[in-house]
1. Students often get this wrong: which residues of region 408-431 have the backbone nitrogen under 19 Å from the point 7 angstrom along Cα-to-C-beta of Ala468?
2. What nm distance separates the two modelled labels at Lys66 and Leu108, each placed 7 Å from Cα along Cα→Cβ?
3. Whole-Hz ³J(HN,Hα) for each residue in region 635-649, computed from phi via Karplus 6.51 cos²θ - 1.76 cosθ + 1.60 with θ = phi - 60°, x for glycine and proline: what do you get?
4. Starting from the Kirkwood Rh over alpha-carbon pairs, what translational D in µm² s⁻¹ does region 384-489 have by Stokes-Einstein at 4 °C and 1.567 mPa s?
5. Would you mind ranking Asp490, Asp647 so that the residue whose beta carbon has the fewest other beta carbons within 10 Å leads the list?
6. Lysine pairs in region 176-261 with Cα distance under 16 Å, only those 8 or more apart or on different chains: how many are there?
7. Report the label-to-label distance for Phe656 and Asn613 in nanometres (one decimal), using points 7 Å from each Cα along the Cα→Cβ vector.
8. ³J(HN,Hα) across region 446-454 via Karplus (A = 6.51, B = -1.76, C = 1.60, θ = phi - 60°), whole Hz, x for Gly/Pro?
Amino acid sequence: MSGTNHNHHHHSCGCKACSASQGSVFTSHEEPCCSHSHEHESDSEEKHHHSHSHDHSHGEEKQNYKWLILSLLLFAAGIVSSIFNAPIYVLIPIYALSALAAGHEIFLEGVKTIVKLKIDETTLLTIAVIAAFCIGEYPEAAIVTILFEIGEILEAKAVARSRKNIAKLSNIRPDTAVVIKNGKETTVAAEEVLTGTEIIVKPHNRIPLDGIITEGFTTLDSSAITGESIPVSGEKGTEVLSGMLNGDGLIKVKTTKELSQSTASRILKLVEDAEKSKSNEEKFITRFAAVYTPIVLVVSLLIAVIPIILGGEPSVWIYRSLTCLVASCPCAIVISVPLAFYAGIGRATKEGVLIKGGKYVEAISKADCFAFDKTGTITTGKLSVSKVISHVPEVTEDDILALCAACEVNSSHPMAKAILESAKNKGLVLPDLENYKEKPGFGVYAEKDGNVLICGGKRILGNHNTPADKNSKVFLIENGKLLGEISLSDEIREEAKSVIGELKSLGIKTAAMLTGDFQSSAKPIAEAVGINLLKSDLLPQEKVEEFSKIKNNRVCCYVGDGINDAPVMAAADCSFAMGLGSEAAIETADAVLSGGNLSPLPKTIRLCRKVMNTAKANIIFAIAVKVIVVSLGVAGFAPIWLAVLADTGVSILCIFNSIRLLRT
């Protein structure tokens, strides 16, 4: 098409839909549309090396339509001339000009790929049109080119529309921030704002960086980040995440992270990287497309050569061969299937679930087993100290709490956080300890005034220390003797029972809970929410062993808070991290429940199943239509223009079928 900017570093299928799909948000489909592979980078427009760059301006589109209208007028002139029996030397130039007006850039691409000994859609069309002219099918050659160009325009528009819709789902990070410089408000690039800088967020603007409100009162819409549609109040001391939408109030925020580490940036990075983990369907396309077109090319050649050798009419069999040739490009599959996965991932992002690739969409759709961590997953993880007991008269309960808090000062475990928060609320001064050492699954070792302290769970008690309260969770040992103990309480998530019930109704056969807690505290929680398999008192490595037993060649997902869960997360077909708070969880997990609750899980399963069904339907439909068209072409019942309609029409239908997932 005229006005199109071409950068021919390497080639794809040559179709405009492929080119339109190469945007900064729509990830590049690395599958080769024909017999060679794409090598795209989608993180910026400058990095594109695709053979087409179809980000048309309004003026360019108008120019393209002018060429198409000119082609149609010339074709009409050719038909009228034929009706009035115009001589052949008049008809040939008219139809040739009609074909060139619609397809001059397509033919140029086709010639270039032929010279490079490559095969793509433009190559096939160029050969078909030239051959049609050679056998005297002038009107056919022109109308095939016109239909092909119309189909290309419609495909490109459909993909561009889907790209814009996906971009809207991920357009959550402001590029600028307002700071105070020399007493004046100044707008600067968000990437230039350092941690600890105070920024101003005006009403109805998105928050550019993670931080804490230092001044002002407002409401915060976090739906773009967590999927939670109900706004929450924000005031001094409230933690805010980049991507949240400010309400009616003007607020000042002290940043706690730079742009690259802020929540919105991490979400966008996850979405952009999602294409790297491909599903089996996407991998199938790569293999399929690599062999499909060359095979069809050989078959088309044989369709022409063998009957002619056997005495068939050359023009008839060349024409039938050309029909098969035009129908050979698998663009419908190459475009629509990756689009289905990416549209599904984009939709899941809007619902508050960040899925890191098609591989995990497939795993979620096939899962019949879900295993959950307890603390912070089935329960809220917001523990609080309910009781402190001292076993030594001269050591007060506050002393026990302060010592335990000092031992746990570097820990990110929910129990440690609860103890630290309780000590802070009481205004306790934490003693200085030395020689910290943490042993996963057992506790923290430290020294105070030459005395060895161990703070941890019941495993540190040994045989000679007996707790005073069976519900105590944390114990403090000094030189082998029990010094004190702490009880903590936790709440079951209000959505946990209904979510697990929904999972079972979706065909999830096993809902398991794996926890390091003891049976006495874990069992009531498991029973309350409907867990049908409980494994308690587990060390991190034992969680992996038990998970492997539960999995037993099934597709199994794991949901945890990411703390000490890395090994079992790695063993899962798809692991979910609870919330965006833990850097380690986001890095380790295959998907993130960004809202920090379990509610989106059932909807995510339904969505992933719909994605898989859509992808499979596109593949089956496209292949079936091509088989029918090729069969009709060989039998002489399908003209070349029908092959073009079948190719472009199927592509458009499959693309729109994939786009539907954005509105699921």
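1. Label zone hits: 419, 423.
2. 1.6
3. Each residue of region 635-649 in turn: 7, x, 9, 10, x, 4, 4, 5, 4, 5, 4, 4, 5, 6, x Hz.
4. Details: Rh = 13.4 Å.
Reported coefficient: 97 µm²/s.
5. Details: Asp490 23, Asp647 29.
Final ranking by Cβ density, sparse to dense: Asp490, Asp647.
6. 9
7. For the pair Phe656/Asn613, the computed spacing is 2.0 nm.
8. Residue by residue, region 446-454 yields 7, 10, 9, 6, x, 8, 8, 10, 10 Hz.
Here, each number is a calculation from the coordinates, and none is a lab measurement. Predicted model, so just to flag it, every value in this text is computed and none were measured. Note that each Cβ is placed from the backbone with ideal geometry, even for glycine, and that neighbours are counted across all protein chains shown.
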